[in-house]
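Read the figures in this text as sums done on the coordinates, not as results from a lab. Quantities reported herein were computed from a predicted structural model and do not represent experimental measurements. Cβ placement follows ideal geometry from the backbone for every residue including glycine, while neighbour counts extend to all protein chains displayed.
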Amino acid sequence: MENRTRDRDRDRDGSRDNFVEKLVKLNRTAKVVKGGRRFSFSALTVVGDRRGNVGYGFGKANDVSEAIRKSIDRAKRNMVKLPVKNGTLPHDVVGEYKATRVVLKPAVSGSGIIAGGAVRAVMEAGGVTDVLAKSLGARTSVNVVRAVFEGIAGIMDARTVARNRGKALKDMWG
């Protein structure tokens, strides 16, 4: 029997394409019809390769597995590059989406991922090992994940900053 972790049902390693898939939120909704209740499911997942590529997806279906599959497919289509330097972020960043604000700060090596569930899933999937995060405002999982991705979009790449300042990359990082 293989070694099982505490959250084995939330993480799946996509063995054929080396993506780690994390289920952030699974929601069940009920629609009352003449014959009783009809249940449908929505799933929010984060997919990453632990090497700086990460994406999120939201899927809805009448079956749990179908909702998860749809959300994973959408996450793989919406991948973005997360610049990681020595296991952390290059600089502080604030992501905002609707009423949610997420503050992401680089951390010293060995600190770990100090973040809530949705932010932790994104950082682990993206390959960040040390980060400090705080989510402010609305705590809805979907909005927190979208705020994190807004923050990721605001992270400046070292090469771009060096080019804009007219310096060499070696002068920037030392």
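Side notes on the structure shown:
- Backbone N under 19 Å from the Phe39 label point (7 Å along Cα→Cβ), restricted to the stretch 49-73: 59-71
- Distance-filtered residues of the stretch 98-121 - backbone nitrogen under 19 Å, label point 7 angstrom along Val161 Cα→Cβ: 103-109
- Structural descriptor for the chain: relative contact order 17 percent, calculated from alpha carbon pairs under 8 angstrom and at least 6 residues apart.
- Built amide H within the under 5 Å cut-off of Asn53, gap 5+: Leu82
- Inverse of mean 1/r across different Cα pairs in the stretch 84-132, Kirkwood, Å: 10.9 Å
- Distance from the stretch 102-174 to the stretch 40-66 (C-alpha centre basis), Å: 20 Å
- With the gyration tensor restricted to C-alpha atoms of the stretch 11-80, the semi-axes of the equivalent ellipsoid amount to 28, 10, 8 Å, longest first.
- Computed magnitude of the charge dipole of the stretch 4-142 (debye, nearest 20; Cβ of K, R +1, Cβ of D, E -1): 620 debye
- Taken over the C-alpha atoms, the stretch 56-174 has Rg and Dmax values of 16.0, 55 angstrom.
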